[in-house]
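Data first, discussion second: the structure below is written as structure tokens.
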Amino acid sequence: SGGEQQRVALARALCGEPEILLLDEPLASVDPNLRADLRRLVKELHFGRGLTTLYVTHDLQEAAELGDDIALMLDRRIEQHGPARELFARPSSERAARFLGAVNVVPVRVVAGTAHGEGFSFDATGPDGDAVFVIRPEHVRLTGDVGLSAQVEEAVYMGTHVKVRLRRTNLVLTAHVPAQRPIALGAEVGVDLPKEHLWRLPETSSRSSRSPG
């Protein structure tokens with residue numbers, strides 16, 4: 001099986017007692033049910049032997065679980081690096097945010113500490129002027145209150161949650177809501193963007209990520 005083949009490959013790689021271990025997408029062809037076991041094995045080898053391990057993957061879950069320090073590479077250059085929590089919560093650019101799953105991009109204008117968007121506002125730090133905030137889908141909340149209202153365009157059952165696509169004129173948001181919550185297509189719902197989960201992109205990176213090319 002793919003899992004056994006990867007175990008054998010790891011054993012062979014460790015025969016020479018290397019100080020550095022390079023693993024290039026080792027679980028890409030492994031059945032999803034076996035990946036969790038193999039990730040645990042990689043962690044045990046890494047910590048048990050005190051190895052420096054360079055692990056290449058396109059799987060965000062693998063990167064978050066295994067990486068002490070993650071380097072996000074886009075278009076053959078390192079876009080951002082740091083601990084997993086920092087990358088996921090504080091992406092350095094819009095491109096990094098979208099790749100890491102923070103697909104909600106909220107353009108606003110900041111005036112005297114308040115960010116003004118399309119029919120909503122929230123407290124904001126940083127200089128006045130145009131700004132871009134991002135927020136992850138799991139942090140967007142649907143509420144009974146209509147502060148920021150949006151229309152439900154799509155609701156897709158994902159097993160553990162429902163992925164909801166929301167639109168307010170030109171602002172499009174994605175929210176992950178509990179699987180048991182009923183969602184009606186076309187309904188007008190209230191949306192809460194908790195300020196503790198909103199991250200203001202650095203000004204230069206938000207400009208460059210929107211520039212042509």
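The values are calculated or read from the model by the stated rules, or taken from the named source; none is laboratory data. Just so you know, these numbers come straight off a predicted model, no measurement behind them. Methodologically, a virtual Cβ is constructed for each residue, glycine included, from the backbone with ideal geometry; neighbour enumeration extends over all protein chains shown.
Listing for the model above:
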quantity: 2 or more residues modelled with pLDDT of 90 or more and either charged (D, E, K, R) or farther than 27 Å from residue 130 by Cα (or both): qualifying strands (runs of 3 or more DSSP E) within region 140-213; calculated: 148-157, 161-168, 171-178, 188-192
quantity: Residue pairs meeting the criteria (Cβ under 6 Å; at least 6 apart or on separate chains; first at positive phi, in region 34-55; second surrounded by fewer than 17 Cβ atoms within 10 Å (Cβ to Cβ)); calculated: none
quantity: Entirely in region 68-113, the strands (runs of 3 or more DSSP E) that have 1 or more residues that are farther than 23 Å from residue 128 by Cα; calculated: 70-74, 77-82
quantity: Filter pass, residue 133 being of a type in the set (Phe, Trp, Tyr) and more than 30 Å from residue 11 (Cα to Cα); calculated: yes
quantity: Subset of region 114-140 that is among the β-branched types (Val, Ile, Thr) and surrounded by 13 or more Cβ atoms within 10 Å (Cβ to Cβ) - its residue that is nearest to residue 189 (Cα to Cα); calculated: 140
quantity: Hits in region 36-61 - residues which are of a type in the set (Gly, Ala, Ser) and either over 23 Å from the mean Cα position of the chain (by Cα) or part of a loop (DSSP other than H, G, I, E, B) (or both); calculated: 48, 50
quantity: From the options 94, 79, residue that is more than 15 Å from residue 166 (Cα to Cα), in contact with a helix residue (DSSP H, G or I) (Cβ under 6 Å, 6 or more places away or on another chain) and touching a residue at least 40 places away in the same chain (Cβ under 8 Å); calculated: 94
quantity: Single unsatisfied condition, residue 47 versus (1) exposed (fewer than 11 other Cβ atoms within 10 Å of the Cβ); (2) more than 15 Å from residue 84 (Cβ to Cβ); (3) at pLDDT 85 or above; calculated: (3)
quantity: Subset of region 14-29 [surrounded by 11 or more Cβ atoms within 10 Å (Cβ to Cβ) and under 23 Å from residue 101 (Cα atoms)]; calculated: 25, 26, 27, 28
quantity: Output for region 67-80, where each listed residue is loosely packed, with under 14 Cβ neighbours inside 10 Å and either farther than 25 Å from residue 44 by Cβ or touching a Ser or Thr at 6+ places or on another chain (Cβ under 8 Å) (or both); calculated: 73, 74, 75, 76, 77, 78
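Listed here are the residues, each with its yes/no results for (1) crowded, with 17+ Cβ neighbours inside 10 Å; (2) assigned by TED's automatic domain parsing to the domain that holds residue 134.
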position	(1), (2)
55	yes, no
82	no, no
91	yes, no
110	yes, yes
